[in-house]
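Quick notes on the structure that follows.
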Amino acid sequence: MGNLFFKSKDIIVIALILTVAAILYACIEYTGKEGKTAEILLNNEVIKTLELSEDAVYSPEDFPHVVFEVREGKVRFRESDCPDKICVNTGFIYKQGQTAVCLPNKLVLRITGNDVDTVL
């Protein structure tokens, strides 16, 4: 009766596949953060561009109670003086085209820049 478990060749193939997958994941994670930016818009005009490669906290001059946070290639409304806090509850955004909006303050946070689409 044959062995029902993995043979040594099967283990080598599985280890090789896992290694390649880990390398691809690391490459995608690294390149996904490079060159990506976020724009803060007021009345559909860009008032600030944030680099997502650098952790930072920013508050627009005219909105001292609105705070944006950039961390680990993602950005969010960290604080806002609006009553419903939908913008704050949106959390971090990081994919190109994603937005978070604070309607009472007429502020839009939008991901722009280079985003790498990978097809395997």
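Remarks
- Residues located in the range 84-97, provided they are within 30 Å of residue 21 (Cβ to Cβ) and at pLDDT 95 or above: 91, 92, 93
- Members of the range 60-94 found to be loosely packed, with under 14 Cβ neighbours inside 10 Å and touching a strand residue (DSSP E or B) at 6+ places or on another chain (Cβ under 8 Å), listed by number: 62, 65, 91
- Taking the criterion of being at pLDDT 95 or above, in contact with a Ser or Thr (Cβ under 9 Å, 6 or more places away or on another chain) and outside any strand (DSSP E or B), the only residue of the range 66-83 that qualifies is 66.
- Where residue 108 falls short, out of the listed (1) assigned to a strand (DSSP E or B); (2) under 12 Å from residue 37 (Cα atoms); (3) not basic (Lys, Arg): (2)
- Sub-6 Å Cβ pairs linking a first residue in the range 43-61 that is at positive phi to a second residue that is outside any strand (DSSP E or B) and surrounded by 12 or more Cβ atoms within 10 Å (Cβ to Cβ), at least 6 apart or interchain, are 43/106, ordered by first then second residue.
The values are calculated or read from the model by the stated rules, or taken from the named source; none is laboratory data. No experiment lies behind these values; they were computed from the predicted model shown. Cβ sites come from the backbone with ideal geometry, for glycine too, and all protein chains shown count toward neighbours.
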